[in-house]
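Visitor: Next up is a structure, given as structure tokens.
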Amino acid sequence: MTPTRTVQSFLDAKKQGLEVSEETWNSLKNYRKWNEPELKGLRNASAYYPEIYFESGMDDEIARLLENFKKRIVAHKF
């Protein structure tokens, strides 16, 4: 399951009042391997459904991962 689909599946289940699938939870556990846009989507989803953060300190970990992406940006001189 792709990271984008994982977040969407979580949101859909919560909106419909259904239980989040095991496949979705398993995919969420791999958030440390996700790219920047998917991590931002996960963070945005937490504003609506904070229970998407399934481990303590998850927001801090996401912030750290996003900071690592910012460090990769190299300024260009034209």
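The values are calculated or read from the model by the stated rules, or taken from the named source; none is laboratory data. It should be emphasised that the depicted structure is a prediction, and the values quoted were computed from it without experimental measurement. Glycine also receives a Cβ, built like all others from the backbone with ideal geometry; neighbour counts cover every protein chain displayed. Accessible surface is based on the protein model in full, side chains and every heavy atom, while ligands, DNA and RNA are left aside. Shrake-Rupley method; radii C 1.70, N 1.55, O 1.52, S 1.80 Å.
Visitor: As an exercise: evaluate VAL7 against (1) out of contact with any Gly (no Cβ under 8 Å at 6 or more places or on another chain); (2) open to solvent by less than 50 Å² (accessible area, probe 1.4 Å); (3) part of a helix (DSSP H, G or I) and give the number of the one condition it does not meet.
Guide: Going through (1) out of contact with any Gly (no Cβ under 8 Å at 6 or more places or on another chain); (2) open to solvent by less than 50 Å² (accessible area, probe 1.4 Å); (3) part of a helix (DSSP H, G or I) one by one, VAL7 breaks only (1).
Visitor: Another question, then. How many residues, within the range 29-58, are under 22 Å from LYS15 (Cα atoms) and either in contact with a Pro (Cβ under 7 Å, 6 or more places away or on another chain) or acidic (Asp, Glu) (or both)?
Guide: Of the residues in that region, 3 qualify.
Visitor: Where residues in the range 25-39 are assigned to a helix (DSSP H, G or I) and under 13 Å from ILE62 (Cβ atoms), which of them is most open to solvent (accessible area, probe 1.4 Å)? Spell out the reasoning first.
Guide: Residues of the range 25-39 assigned to a helix (DSSP H, G or I): 25-28, 31-33, 36-39.
Now drop any that are not under 13 Å from ILE62 (Cβ atoms), which leaves 28, 31-33, 36-39.
On the way: LEU28: 0, TYR31: 0, ARG32: 118, LYS33: 168, GLU36: 56, PRO37: 95, GLU38: 42, LEU39: 1 Å².
Top of the filtered list is LYS33.
Visitor: Another one. Checking ASN68 against (1) among the polar types (S, T, N, Q); (2) open to solvent by less than 50 Å² (accessible area, probe 1.4 Å); (3) modelled with pLDDT under 95, only one condition comes out false. Which one?
Guide: Going through (1) among the polar types (S, T, N, Q); (2) open to solvent by less than 50 Å² (accessible area, probe 1.4 Å); (3) modelled with pLDDT under 95 one by one, ASN68 breaks only (2).
For every residue, the table says whether it meets (1) of a type outside the set (A, V, I, L, M); (2) in contact with a helix residue (DSSP H, G or I) (Cβ under 9 Å, 6 or more places away or on another chain); (3) in a helix (DSSP H, G or I); (4) touching a residue at least 40 places away in the same chain (Cβ under 8 Å).
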| position | (1), (2), (3), (4) |
| --- | --- |
| LEU18 | no, yes, no, no |
| LEU42 | no, yes, yes, no |
| GLU51 | yes, yes, yes, no |
| ASP59 | yes, yes, yes, no |
| ILE62 | no, yes, yes, no |
| LEU66 | no, yes, yes, no |
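Visitor: Looking only at the range 20-40, which residues are in contact (Cβ under 8 Å) with a residue 24 or more places away in the chain and acidic (Asp, Glu)?
Guide: Within the range 20-40, GLU36, GLU38 meet the criteria.
Visitor: Select from the range 38-78 the residues that are β-branched (Val, Ile, Thr) and within 12 Å of the chain's Cα centre (by Cα) and list them in ascending order.
Guide: First, the residues of the range 38-78 that are β-branched (Val, Ile, Thr): 52, 62, 73-74.
Those that are β-branched (Val, Ile, Thr) and within 12 Å of the chain's Cα centre (by Cα): ILE52, ILE62.
Visitor: Spot the failing condition for GLU55; the list is (1) surrounded by fewer than 15 Cβ atoms within 10 Å (Cβ to Cβ); (2) in a helix (DSSP H, G or I); (3) among the charged types (D, E, K, R), and only one is missed.
Guide: (2)
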